[in-house]
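Trainee: First the structure, which I've put down as structure tokens, then a few questions once you've had a look.
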Amino acid sequence: MRPEGIDLVYNNLFVEETFFRMLRNREFDIAEMSLSSYVASLGRAEPPFIAIPAFPSRCFRHSCIFVSAKSGIRKPADLKGKRVGVPEYQMTAPVWIRGILQDEYGVDPAGCEYWTGGEEEPGRDEKLRLDLPAKFRLRPIGPEQTLSRMIADGQLDAMHTARAPSSFRTQPGKVRRLFEDFVEVEKAYYRKTKIFPIMHTVVIRRELYEAARWIAQSLYKAFSQAQRKTYDALATSMALTTMLPWQSAHVEEARALLGEDWWPYGVEPNRHVLETFLRYHHEQGLSRRRLKVEELFAPETLKTFRV
């Protein structure tokens, strides 16, 4: 979809590269961004970005809690006091995981020790400087270590991550999921909470937005149009639009459980999800105060005209 008045030059990059380059160097005018990183950036004296309420990535994250076979962990409560690997403490996926474990299973986020670093490659560090309360214990892994190897070797008890570690595939006897029946667990979680976790949003460099505020509404309209086009494509049954053999069944199941608009954009349909995330972000020491949902997004995108 072409945003009104904008000629986009699109770079299709892995999200790790996109986030790194945008957060460190502000290399793009517009970019997909980790929701957690964006919320953290709002705490700066001069926040560098402003978001629109389009959410290109959502994911239930019960499937992304991995445990070492040597850890003895069998249920969520067993995570208390354990050594947990996270590529970055401030990543959105671990924020959701820690919050869900706290709300649903009584696992205090401050009760674990978090080891941070590269999942598959040594040398990864936090993209944003963190100033956490003293109760949260973080330590970097060694310069030659990776989280994937460490959990397989039993040096870590568990991992909270967005990507499955390679050792989960290559050494299945050493690394497993905490929730092996994660699909049913995630469905039950949604039925109880009505939360489909948001992972990413879309941000604009603030100086560009301030110079041409119409850009926010133009972009949001284009993302919303693309979303509707995607819904239509997924509903097509005469020729599948994904490489999923039971695409039609997946679509019907999603509609039955989450509703017709199962991947909603906009503020109001996502208010409960966003408020929950902002609570987690503050409780885990990543934001000094609990932000309000309206503080996240360009005001032009909060309401629209009526005919």
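Trainee: Out of all the residues in the range 55-112, which are open to solvent by 30 Å² or more (accessible area, probe 1.4 Å), assigned to a strand (DSSP E or B) and among the charged types (D, E, K, R)?
Mentor: Passing the criteria: only Arg83.
Trainee: Which of the numbered conditions does Trp262 fail, given that it passes all the others? Conditions: (1) surrounded by 15 or more Cβ atoms within 10 Å (Cβ to Cβ); (2) in contact with a Leu (Cβ under 8 Å, 6 or more places away or on another chain).
Mentor: Failed condition: (2).
Trainee: Given the conditions (1) part of a helix (DSSP H, G or I); (2) more than 29 Å from Tyr105 (Cβ to Cβ); (3) in contact (Cβ under 8 Å) with a residue 24 or more places away in the chain, report the number of the one that Met1 does not fulfil.
Mentor: Of (1) part of a helix (DSSP H, G or I); (2) more than 29 Å from Tyr105 (Cβ to Cβ); (3) in contact (Cβ under 8 Å) with a residue 24 or more places away in the chain, only one is false for Met1: (1).
Trainee: How about the range 139-156: which of its residues are within 9 Å of Glu119 (Cα to Cα) and under 23 Å from the mean Cα position of the chain (by Cα)?
Mentor: Thr146, Leu147, Ser148
Trainee: Considering the range 66-100 alone, what residues qualify as being among the aromatic types (Phe, Trp, Tyr) and out of contact with any Pro (no Cβ under 8 Å at 6 or more places or on another chain)?
Mentor: Tyr89
Trainee: If I filter the range 214-249 down to residues being of a type in the set (Val, Ile, Thr) and not in a helix (DSSP H, G or I), which single residue comes out as farthest from the chain's Cα centre (by Cα)?
Mentor: Looking at the filtered set, the residue picked out is Thr236.
Trainee: Just wondering, is there one or more residues in the range 159-167 that are in a strand (DSSP E or B), crowded, with 19+ Cβ neighbours inside 10 Å and either touching a residue at least 60 places away in the same chain (Cβ under 8 Å) or out of contact with any Pro (no Cβ under 8 Å at 6 or more places or on another chain) (or both)?
Mentor: Among the residues of the range 159-167, at least one is in a strand (DSSP E or B), crowded, with 19+ Cβ neighbours inside 10 Å and either touching a residue at least 60 places away in the same chain (Cβ under 8 Å) or out of contact with any Pro (no Cβ under 8 Å at 6 or more places or on another chain) (or both), which makes the answer yes.
Trainee: Could you tell me whether any residue of the range 27-39 is over 23 Å from Ser218 (Cα atoms), surrounded by 12 or more Cβ atoms within 10 Å (Cβ to Cβ) and touching a residue at least 24 places away in the same chain (Cβ under 8 Å)?
Mentor: Yes: one or more hits.
Trainee: Collect the residues in the range 250-266 that are free of Cβ contacts under 8 Å to residues at least 60 places away in the same chain, under 27 Å from Thr301 (Cα atoms) and assigned to a helix (DSSP H, G or I), keeping them in residue-number order.
Mentor: Residues satisfying the conditions are Ala254, Arg255.
Trainee: Now for a separate question. Restricting attention to the range 168-186, which residues are surrounded by fewer than 15 Cβ atoms within 10 Å (Cβ to Cβ), in a loop (DSSP other than H, G, I, E, B) and without any contact (Cβ under 8 Å) to a residue 24 or more places away in the chain?
Mentor: Matches in the range 168-186: Pro172, Glu180, Asp181.
Trainee: Quick test of your reading of the structure: Glu88 fulfils all but one of (1) closer than 29 Å to Gly142 by Cβ; (2) touching a helix residue (DSSP H, G or I) at 6+ places or on another chain (Cβ under 7 Å). Name the failing condition by number.
Mentor: Unmet for Glu88, out of (1) closer than 29 Å to Gly142 by Cβ; (2) touching a helix residue (DSSP H, G or I) at 6+ places or on another chain (Cβ under 7 Å): (2).
Trainee: Taking the range 199-213, which residues are surrounded by fewer than 18 Cβ atoms within 10 Å (Cβ to Cβ) and either under 23 Å from the mean Cα position of the chain (by Cα) or of a type in the set (A, V, I, L, M, F, W, C) (or both)?
Mentor: Hits for the range 199-213 are Arg206, Leu208, Ala211, Ala212.
The values are calculated or read from the model by the stated rules, or taken from the named source; none is laboratory data. Everything quoted here is computed from the prediction, not taken from an experiment. Heads up, the Cβs are rebuilt from the backbone with ideal geometry, glycines too, and the neighbour counts pull from every protein chain shown. Note: accessible area is taken over every heavy atom of the protein model, side chains too, but ligands, DNA and RNA are not part of it. Shrake-Rupley method; radii C 1.70, N 1.55, O 1.52, S 1.80 Å.
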